[in-house]
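Each value in this text was obtained by applying a stated rule to the coordinates, not by laboratory testing. A quick note: this is a predicted structure, and the numbers were derived from the prediction, not measured. Heads up, the Cβs are rebuilt from the backbone with ideal geometry, glycines too, and the neighbour counts pull from every protein chain shown.
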Amino acid sequence: MTPLQERLHQIHTLLPESVQLVAVSKFHPIEALKEAYAAGQRIFGESRVQELQTKQPLMPNDVQWHFIGHLQANKVKYIVPYIDLIHAVDSSKLLHEIHRQGERYGRVVRCLLQVHVAQEDSKFGFSPEEFKTFLNSKEWIALPYAQLSGIMCMASNTDDEEQILQEFRTAQELFMWAKRHHFSSQASFCECSWGMSDDYPLALRTGSTLVRIGSKIFGRRS
Ligand SMILES: *Cc1c(COP(=O)(O)O)cnc(C)c1O
């Protein structure tokens, strides 16, 4: 095993079976993705459309591509033909566009709503109130090609573990609220995307089903 494959293996041994690993390969060369693929990794996360567009044709067909970054509505059309999951849907407008393009390509695209739970200022994500208001509006029911499949969040960039846990718990409660009030009969609403290289052990304690790990696998981004 190469050092990269050993790091990947190490992380996999720490994850329970209910949690999937998204290998965040942004800014890393295709050789690094191939090395991870050779060790069995199939889910890769990218955060820029152009970079994803370059890499996607160079990898085998059974790779599941996850888009984890902020996505502009005018770029949705490029990734809809092959994307497996869009993690960070942060507006009604974006969800509408994903539905529109999904319908055009005849492809249902799984989406997560990004909720803003961190204390840091961020332009992106629904606040907990906005999240509930949006789901209660039920406008998403008319958008079946953008299939709501769970929620995603990022915790504050801090060493304070209690704070991070608190933020993940807030996201977990929002997920459970949504499941109970809007998706109780939909098995497809099942994903909780939180946990990165520095905080994924905390994410595993708070219901995460998808951890997005980059630097712990691939090393520092150049
Ligand atoms: C870059 C990125 C990650 C991975 O970060 P690491 O700290 O390298 O594990 C996870 N999620 C999102 C949204 C990212 O942009």
**Prompt:** What are the residues whose amide H is under 5 Å from the amide H of Q147, where those residues sit 5 or more places off or on another chain and H is modelled from the backbone?
**Reply:** V109, R110, C111
**Request:** For a label point 7 Å from the Cα of K34 along Cα→C-beta, name the residues of segment 184-222 whose backbone N is under 19 Å from it.
**Result:** 218-219
**Item:** In sequence order, calculated HN-Hα J values of segment 185-202 (Karplus, 6.51, -1.76, 1.60; Hz; x Gly/Pro)
**Value:** 9, 10, 4, 6, 8, 8, 9, 10, 9, 8, x, 10, 3, 8, 10, 5, x, 6
**Item:** For segment 66-163, the Rg and Dmax computed from alpha carbons only, in angstrom
**Value:** 13.9, 46
**Fill in**
In segment 85-222, taking the dipole from +1 charges on Lys and Arg beta carbons and -1 charges on Asp and Glu beta carbons about the Cα centre, the listed residue (T206, L85, F168) farthest towards the positive end is L85
**Item:** Segments 188-200, 12-24, 132-144, 59-71 sorted - mean Cβ within 10 Å per residue, highest first
**Value:** 188-200, 59-71, 12-24, 132-144
**Complete:** Expressed to two decimals, segment 105-222 has a Cα Rg over Rh, using the Kirkwood radius, of 0.99
**Item:** Simple spin-label estimate for L58 and E161 in nanometres, 7 Å along Cα-Cβ
**Value:** 3.9
**Item:** Normalised contact order of segment 109-173, rounded percent, pairs of Cα under 8 Å and 6 or more residues apart
**Value:** 43
**Prompt:** Under the Karplus relation 6.51 cos²θ - 1.76 cosθ + 1.60, θ = phi - 60°, what is the ordered set of whole-Hz ³J(HN,Hα) values for segment 45-54, x standing for Gly and Pro?
**Reply:** x, 10, 10, 10, 4, 5, 5, 4, 4, 6
**Asked** Which pairs, out of K34/K216; K75/K216; K55/K75; K123/K179; K93/K123, put more than 19 Å between their alpha-carbon atoms?
**Response** K75/K216; K123/K179
**Prompt:** If you place +1 on the Cβ of every Lys and Arg and -1 on the Cβ of every Asp and Glu, how big does the dipole about the Cα centre of the chain come out, in debye to the nearest 20?
**Reply:** 800
**Prompt:** What percentage of all Cα-Cα pairs in segment 30-115 are separated by more than 18 Å?
**Reply:** 40
**Message:** Pairs of alpha-carbon atoms within less than 8 angstrom and 6+ residues apart define the contacts here; what relative contact order does segment 13-54 have, in percent?
**Reply:** 46
**Request:** List, in order, the whole-Hz ³J(HN,Hα) value for each residue of segment 161-166 obtained from phi through the Karplus relation with A = 6.51, B = -1.76, C = 1.60 and θ = phi - 60°; use x for Gly and Pro.
**Result:** 5, 4, 5, 4, 4, 4
**Message:** With N set to the number of residues, divide the alpha-carbon radius of gyration of the chain by 2.2 N^0.38 Å and report two decimals.
**Reply:** 0.98
**Asked** Which whole-number percentage describes the relative contact order of the chain, with Cα contacts under 8 Å and a sequence gap of 6 or more?
**Response** 20
**Request:** Figure the gain on full extension for V108 and E129 (residue separation times 0.36 nm, minus the Cα-Cα span) and round it to one decimal in nm.
**Result:** 4.8 nm
**Asked** Considering segment 122-176, what Rg and Dmax in Å follow from its alpha-carbon atoms?
**Response** 13.4, 42
**Nearest-20 debye value, segment 1-45 charge dipole, Cβ charges on Lys, Arg, Asp, Glu** = 120
**Fill in**
Helix-only [θ] at 222 nm, the chain, -39500 (n - 2.57) per DSSP H run of 4+, per residue, nearest 500, equals -11500 deg cm²/dmol
**Complete:** Between G45 and residues 5 or more places away or on another chain, the pairs with built amide H atoms under 5 Å apart involve A23, V24, S25, H66
